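To start, the structure itself, in C-alpha cells.
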Amino acid sequence: MLRATIIVRYKEGVDDPEGKAIKHSLELLNFKGIDKVNVAKYYEIFLDMPLEEGEKEVQEMIKKLLVNPVIHDYELRVEEI
C-alpha cells in the first residue's frame, strides 16, 4: 500500500484570495501583527500498487487535475505504508 502526500500552494506573487479573506477575518477578531496568510491544499491519496507505478500514477493526477503549473507549486511524497 502506498500513501501519496501532495501539498499545493500558490506560487510567490500569485494572489491568494482565501488567504486574504482569512487574514481580514483574523484582524476583525482583533488579532494583531499578521503580515500574510497563505492557504495550501493537502491531499493524501492511497494506492494499492508498486512504488514506481504509484509515483507515475500520482504524477499524472497532479498533471491532469490537482495542480495548475501556471499558478501553483507543489510538494510530493510517495511512501510505502
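Only the coordinates and a few stated rules stand behind these numbers; no lab work does. This is a predicted model, so every value here is computed, not measured. Methodologically, a virtual Cβ is constructed for each residue, glycine included, from the backbone with ideal geometry; neighbour enumeration extends over all protein chains shown.
Miscellaneous remarks
- Residues that are surrounded by 14 or more Cβ atoms within 10 Å (Cβ to Cβ) and within 20 Å of LEU2 (Cα to Cα) within the range 60-73 comprise MET61, ILE62, LEU66, listed in sequence order.
- Yes/no for GLY19 being assigned to a helix (DSSP H, G or I), surrounded by 14 or more Cβ atoms within 10 Å (Cβ to Cβ) and in contact with a strand residue (DSSP E or B) (Cβ under 7 Å, 6 or more places away or on another chain): no
- Residues that are out of contact with any helix residue (DSSP H, G or I) (no Cβ under 9 Å at 6 or more places or on another chain) and in contact (Cβ under 8 Å) with a residue 40 or more places away in the chain were ranked within the range 13-47; the one that is farthest from VAL70 (Cα to Cα) is PHE46.
- Against the numbered list (1) surrounded by 15 or more Cβ atoms within 10 Å (Cβ to Cβ); (2) touching a strand residue (DSSP E or B) at 6+ places or on another chain (Cβ under 9 Å), VAL37 comes up short only at (2).
- In the range 42-54 there is at least one residue that is surrounded by 13 or more Cβ atoms within 10 Å (Cβ to Cβ) and among the hydrophobic types (A, V, I, L, M, F, W, C).
- Enumeration of residues in the range 1-12 that are within 20 Å of VAL70 (Cα to Cα) and either part of a loop (DSSP other than H, G, I, E, B) or aliphatic (A, V, I, L, M) (or both): ILE6, ILE7, VAL8, LYS11, GLU12
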